[in-house]
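Reading through the structure tokens given below for one structure.
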Amino acid sequence: MKGGWFRGYAIVYLLVLYAPIMLLPIFAFNDSAIVSFPLAGFTTKWFTQMADEPTLHDALRNSLFIAVSTAVISTLLGILAARASTRFVFPAKGAIMGLIMLPLVLPEIIAAVSLLVVFLGIGIPLGLITIILGHVLVCTPFAIAILSASFQSLDKSLEEAAYDLGETPLSTFWLIILPLVMPGIISSLLITFTISLDEFIMAFFLGGTNVTLPVYIFSQFRFPQSVPVIMALGTLLVLLSITLLAIAEYFRRRGIAKTGGKNTGGFL
Amino acid sequence: MTFSADRSTMIEFRDVHKYYGDYHALRGISGEIKSGEFFSLLGPSGCGKTTLLRTIAGFEGISSGAVLIDGKDTAGIPPNKRPTNMVFQSYAIFPHLTVAENVGFGLRRDPRSAAEKSRAVDEALEMVGLKGYGGRAANALSGGQRQRVALARALILKPKVLLLDEPLSALDKKMRELMQVELIKLQRQVGITFILVTHDQEEALVMSDRIAVMFEGEIAQLADPETLYRRPNSRKVADFIGTMNFIPCEVLSQGMDTIEVDAKGLGRVTLSTDQAPPPNGKESPVVGLRPETLTLLYPGQSTQDRTVDGVVDEVIYFGDMTYYDVYIGGTDVEVRLSMRNVPGRPILDVGTQVQLAWNPSALVLFR
Ligand SMILES: Nc1ncnc2c1ncn2[C@@H]1O[C@H](COP(=O)(O)OP(=O)(O)OP(=O)(O)O)[C@@H](O)[C@H]1O
Ligand SMILES: [Mg+2]
């Protein structure tokens, strides 16, 4: 009964992974300032209370600005890198691509501290820009991974056909390549946006006095009375992340189906 | 072949060399392709056919030599500025566009009005037998239909040269044979120079006015199909095109117009010098003989030709044809011959004593 064991293992694994997250919505709607069982009753007041928190609004604005900027920049960088790595042969290509992908596994806190030292050293004031730089470092490898798959599944002769039919390399990029990798680009934008929105370490170290949503949540945990509001906020964030990732995956699959490639991997 | 040789030159290769790093992919290609010709580049996998085709299209630069299109050196001219269009092996149909958008893609920079362009697209679609398919998504087409879209898309620009890289290799046998005939008709109709890359010798023989047989980056022979088949200039070409029996022989004497050889099993034969391509001196001499130039004599049949006795060793039945492998002249030399299966002509058994008729004019001497 190997299969039985494996199924049991999978169920326990999923429980450990998701049960804590399931607690978020439960307490977000619980009519008690203390987070504990038994539940006290249903309320939506924690959600309405969010509207009266100016620091929360600042954090939200910061986070959205950072996430949008990060998504756009790292996706642009990802397009360039993916295009280069799938189309051109250059010396030490493997090593260079490896180094670009390294932040994916590098301890983030080390990267954050190093960046902090660099920024302080050359006198760049800490703020939203420095957080964006940190997030771009974290997100670009993801963008490259997603976009490489899109660019790779693109038949080279499609480009050559357009070139052969009178288009320039530039117009070929606009008319043929871009539309065909667009699902990958959208997928990359959504995933890097989500990663940036949830990112804590870089934002904490590089933000100076600027607070993002995760940093705000962390700081609020010192005050027991605001914990239910955090639960409500967390619920919304989880919902948003899941939605964005699902949309991203939809586009990734559609892109692969469109260019006729095989579905290998991906993040979901 | 009815192709007249006095047409103008469309493509000229002048000692073209191409290196990929250290790899010498094209090793001194020279030759001419005539205007309006259906020309094939034929050779085994990896011999450089695609590379040569792509030097015409401009996708591949050359290391030395020159490629001329219609008398003009193409050095430095990019693919989008060359009077050539290509049908890709994978067809390269743009998957996000409709059939009509695909076919009309090359007209984007054409100054004509939208109505005129759309008429041109309709005409091109009709020419390839896809009338009314314009609105379809390119993704929703069969292999044969994609092929036609790719053809229409390339021909709508009225190129001087149409380049086709193994265009039929992705189709099944029936469809391939159908498209072969359609391509020949289409080429006659539009009169454009077609250059076809193929590794299928039958396809090349069926379709081409002339064929360049390539091995390892070199053109081994450039000739019309009949010459290629009847008078291959080397054993390698003979082996690649169709089937040929090679019989060891000894060259007895070489005259001005004739060569006297002693072929094992066949005996002494006098050949004219045009049956003997220039010697390459590497291999021991053989005479080559196509299976259909040997005839099995049934009892009571007689012949003006020379004959040789033999013993049937193998019988291979093909429906319309039967192949016999026969030991000849009491030797260990085995030849293959093909006989049409007509009513009243029995299939022979292994071990049967037979008599074969053959004619010295069908022999080719390789030495
Ligand atoms: N971009 C390239 N880089 C390095 N070597 C190449 C490149 N393109 C082709 N070659 C090599 O050049 C040789 C000729 O290739 P080419 O594609 O012209 O062969 P082909 O005759 O078309 O064969 P096939 O029938 O398999 O398509 C091959 O050995 C191939 O490996
Ligand atoms: Mg090829």
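Quick notes on this structure:
- In this entry, B:Asp349 is excluded by the filter for residues that are under 24 Å from the mean Cα position of the chain (by Cα) and farther than 30 Å from B:Ala276 by Cα.
- Test result for B:Ile192, among the β-branched types (Val, Ile, Thr), within 16 Å of ligand 1 (Cβ to nearest atom), over 18 Å from A:Ser157 (Cα atoms) and away from chain A (no Cβ under 14 Å): no
- Helices (runs of 4 or more DSSP H) wholly inside the stretch B:58-171 containing at least 3 residues that are surrounded by 14 or more Cβ atoms within 10 Å (Cβ to Cβ) and within 9 Å of chain A (Cβ to nearest Cβ): B:143-155
- Hey, A:Ile230 away from chain B (no Cβ under 14 Å), assigned to a helix (DSSP H, G or I), in contact (Cβ under 8 Å) with a residue 24 or more places away in the chain and not aromatic (Phe, Trp, Tyr) or not: no
A quick yes/no check of all residues on (1) within 14 Å of another protein chain (Cβ to nearest Cβ); (2) farther than 17 Å from A:Ile247 by Cβ; (3) aliphatic (A, V, I, L, M):
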site: A:Val138; (1), (2), (3): no, yes, yes
site: A:Phe142; (1), (2), (3): no, no, no
site: A:Leu154; (1), (2), (3): yes, yes, yes
site: A:Ser157; (1), (2), (3): yes, yes, no
site: A:Ile176; (1), (2), (3): yes, yes, yes
site: A:Leu180; (1), (2), (3): yes, yes, yes
site: A:Ile186; (1), (2), (3): no, no, yes
site: A:Leu190; (1), (2), (3): no, no, yes
site: A:Phe193; (1), (2), (3): no, no, no
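- Cβ separations smaller than 9 Å between residues 6+ apart or across chains give the following pairs from the stretch B:153-167 residues that are small (Gly, Ala, Ser) to residues that are in a loop (DSSP other than H, G, I, E, B): B:Ala154/A:Leu165.
- Inspection of the stretch B:215-225 finds a residue satisfying the criterion of being part of a helix (DSSP H, G or I) and either assigned by TED's automatic domain parsing to the domain that holds B:Gly31 or modelled with pLDDT of 95 or more (or both).
- Pair list, Cβ < 7 Å and 6+ apart or interchain, from the stretch B:22-50 residues that are within 14 Å of chain A (Cβ to nearest Cβ) and more than 9 Å from B:Glu216 (Cα to Cα) to residues that are aliphatic (A, V, I, L, M) and near ligand 2 (Cβ under 10 Å from one of its atoms): B:Thr50/B:Val197
Residue by residue, here is whether (1) within 26 Å of the chain's Cα centre (by Cα); (2) loosely packed, with under 15 Cβ neighbours inside 10 Å holds:
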{"position": "B:Pro232", "(1), (2)": "yes, no"}
{"position": "B:Val237", "(1), (2)": "yes, no"}
{"position": "B:Glu250", "(1), (2)": "no, yes"}
{"position": "B:Leu266", "(1), (2)": "no, no"}
{"position": "B:Arg290", "(1), (2)": "yes, no"}
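- Of the residues making up the stretch B:295-322, those that are farther than 24 Å from B:Cys249 by Cα and not hydrophobic (A, V, I, L, M, F, W, C) are B:Tyr298, B:Pro299, B:Gly300, B:Gln301, B:Ser302, B:Thr303, B:Tyr317, B:Gly319, B:Asp320, B:Thr322.
- Taking the criterion of being touching an Asp or Glu at 6+ places or on another chain (Cβ under 7 Å), over 28 Å from A:Pro169 (Cα atoms) and either β-branched (Val, Ile, Thr) or within 10 Å of ligand 1 (Cβ to nearest atom) (or both), the only residue of the stretch B:30-63 that qualifies is B:Cys47.
- Some residue of the stretch A:43-52 being within 23 Å of A:Ile217 (Cα to Cα) and exposed (fewer than 10 other Cβ atoms within 10 Å of the Cβ): yes
- Residue, modelled with the lowest pLDDT, within the stretch B:6-24, restricted to residues that are more than 14 Å from ligand 1 (Cβ to nearest atom) and not hydrophobic (A, V, I, L, M, F, W, C): B:Asp6
- Look at (1) more than 16 Å from ligand 2 (Cβ to nearest atom); (2) surrounded by 22 or more Cβ atoms within 10 Å (Cβ to Cβ); (3) under 25 Å from A:Val89 (Cβ atoms) and you find that B:Arg27 fails only one, number (2).
- Criterion (among the β-branched types (Val, Ile, Thr) and within 16 Å of ligand 2 (Cβ to nearest atom)) met by exactly one of B:Ile184, B:Ile195, B:Ile156: B:Ile195
- Residue match in the stretch B:64-84 (condition: farther than 28 Å from B:Thr227 by Cβ and within 12 Å of ligand 1 (Cβ to nearest atom)): no
- Within the stretch B:36-57, the set of residues being crowded, with 17+ Cβ neighbours inside 10 Å and either out of contact with any Lys or Arg (no Cβ under 9 Å at 6 or more places or on another chain) or assigned to a strand (DSSP E or B) (or both) comprises B:Phe38, B:Phe39, B:Ser40, B:Leu41, B:Leu42, B:Cys47, B:Lys49, B:Thr50, B:Leu53, B:Arg54.
- Taken together, the criteria place A:Leu233 among residues that are buried (at least 21 other Cβ atoms within 10 Å of the Cβ) and at pLDDT below 90.
- Number of residues in the stretch A:160-171 that are surrounded by fewer than 21 Cβ atoms within 10 Å (Cβ to Cβ) and either at the interface with chain B (Cβ under 9 Å from one of its Cβ atoms) or touching a Ser or Thr at 6+ places or on another chain (Cβ under 8 Å) (or both): the value is 5.
The values are calculated or read from the model by the stated rules, or taken from the named source; none is laboratory data. The shown structure was predicted, so the numbers you read here are calculated from the model rather than taken from an experiment. Reconstructed Cβ throughout: ideal geometry from the backbone, glycine too, with neighbour counts over all protein chains shown.
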